[in-house]
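So the structure is just underneath, and the comments pick up after that.
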Amino acid sequence: MIQIYTGNGKGKTTAALGLCLRAAGAGKSVFFGQFLKGRTCSELLSLKKMRGVRVEQFGSGQFVKGKPSAADIKSAERGFLLIKKAVLSGKFGVVIMDEINTALDLGMLNIDALLLMLGEVPQEVEIVLTGRNAPQRLIDQADLVSEIKDVKHYFRRGIKARKGIEF
């Protein structure tokens, strides 16, 4: 199955992490690939301690806002190739592509290449794609789409990201 967690609300990565935890607890191996992000955050420290979970980041350390740099694009392309290899290897029961929707929205990756790869996913592999602005073509191919809506957020009151909560 192909799952998408999208929308402008907080919790897309958190939902993917919950599925990662559940899958690992069931004995499935998980590949957690994170686009656009490159700094160490608390959830990745936990994942790296878990048996059967492989974590890779494909970002510069700062979340990409605005126009991505050539280095950002190169990192995303490298990440896509690594994820494609992981998906097609059959070694992982779950492959999570965190923030790939945003990378697509920023023009960092080719949607046709992603859709082609998704058409080749072995039946026993679950795919999770997160990030804002999931393209309609991707939504059309997915089996499950959850949109996380921003109703109210404390960031608007000036509260900064907190360790252990947002990162």
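The values are calculated or read from the model by the stated rules, or taken from the named source; none is laboratory data. These numbers were taken from a predicted model, which means no experiment stands behind them. Because the Cβ atoms are built from the backbone with ideal geometry, glycine has one as well, and the counts that use them run over all protein chains shown.
Can you tell me which residue among Ala15, Ala71 is among the small types (Gly, Ala, Ser) and modelled with pLDDT of 95 or more?
Among Ala15, Ala71, only Ala15 is among the small types (Gly, Ala, Ser) and modelled with pLDDT of 95 or more.
What are the pairs with Cβ atoms under 8 angstrom where one residue, in the range 15-38, is part of a loop (DSSP other than H, G, I, E, B) and the other, located anywhere, is buried (at least 16 other Cβ atoms within 10 Å of the Cβ) and of a type in the set (Phe, Trp, Tyr)? Sequence gap at least six, or different chains.
So the pair list comes out as Lys28/Phe92; Ser29/Phe92; Leu36/Phe58; Gly38/Phe58.
Out of all the residues in the range 81-90, is one or more among the charged types (D, E, K, R) and in a helix (DSSP H, G or I)?
Scanning the range 81-90 turns up at least one residue that is among the charged types (D, E, K, R) and in a helix (DSSP H, G or I).
So Ile83 clears everything in (1) over 19 Å from Phe167 (Cβ atoms); (2) modelled with pLDDT under 95; (3) surrounded by 19 or more Cβ atoms within 10 Å (Cβ to Cβ); (4) not hydroxyl-bearing (Ser, Thr, Tyr) except one condition, right? Which one?
All conditions pass for Ile83, except number (2).
Which numbered condition trips up Met117, out of (1) farther than 10 Å from Leu36 by Cβ; (2) in contact (Cβ under 8 Å) with a residue 24 or more places away in the chain; (3) in a helix (DSSP H, G or I); (4) under 15 Å from the mean Cα position of the chain (by Cα)?
Among (1) farther than 10 Å from Leu36 by Cβ; (2) in contact (Cβ under 8 Å) with a residue 24 or more places away in the chain; (3) in a helix (DSSP H, G or I); (4) under 15 Å from the mean Cα position of the chain (by Cα), Met117 violates only (4).
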